[in-house]
Amino acid sequence: MDVTDRDVILVDDVVFTGRTARAALDAVLQYGRPRSIQLVVLVDRGHREYPIQPDFTGRRLQTKHDEEVVVEADGEFAVYVKD
């Protein structure tokens with residue numbers, strides 16, 4: 001699929017270090033040069049290793065680096081932090 005001159009929206013459940021978003025950007029760019037790329041995330045927990053900032057965020061959570069944010073959508077929707 002050619003994404004040249006298209007608007008691309010990347011969607012992720014949780015953004016953490018930014019590595020997944022960066023890999024997604026690399027993958028998109030293999031298919032052309034889009035007009036724009038926007039990142040939408042459900043939860044932003046900080047602790048970036050790459051300078052990536054979501055354009056739209058559902059919730060920002062202050063977490064410790066070793067905690068895990070879990071998103072479940074089986075039946076009822078839930079977001080929680082595990083130690």
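The values are calculated or read from the model by the stated rules, or taken from the named source; none is laboratory data. Everything numeric in this text was worked out from a predicted model, so none of it was measured. As a convention, Cβ positions derive from the backbone with ideal geometry for all residues, glycine included, and neighbour counts pool all protein chains shown. Keep in mind that these areas ignore ligands, DNA and RNA; they rest on the heavy atoms of the full protein, side chains included. Shrake-Rupley method; radii C 1.70, N 1.55, O 1.52, S 1.80 Å.
Computed over the chain, the P(r) tail beyond 18 angstrom holds 47 percent of alpha carbon pairs.
What's the carbon and sulfur percent of the chain's accessible surface, probe 1.4 angstrom, rounded to a whole number? Write out the running numbers ahead of the final one.
Numbers: 2940 of 6100 Å².
Summing carbon and sulfur atoms, their accessible area is 48 percent of the total for the chain.
For the range 1-65, the Cβ-based charge dipole about the Cα centre amounts to some 300 debye (Lys, Arg positive; Asp, Glu negative; other atoms uncharged).
Based on Cα contacts under 8 Å between residues 6+ apart, the chain shows a relative contact order of 28 percent.
Taking a cut-off of 17 Å, what percent of all Cα-Cα pairs in the range 39-82 are separated by more than that?
Details: 357 of 946 pairs.
Roughly 38 percent, rounded to a whole number.
Which peptide among 29-37, 73-81, 6-14 comes first, and what is the full order, when sorted by highest mean count of other Cβ atoms within 10 Å?
Numbers: 29-37: 12.3, 73-81: 9.7, 6-14: 14.6.
Peptide ranking by packing, descending: 6-14, 29-37, 73-81.
A Cβ-based charge dipole, computed about the Cα centre of the range 44-83 with Lys and Arg at +1 and Asp and Glu at -1, lands at about 240 debye. A 1.4 Å probe run over the chain, with the rest of the protein chains in place, finds 74 Å² accessible per residue.
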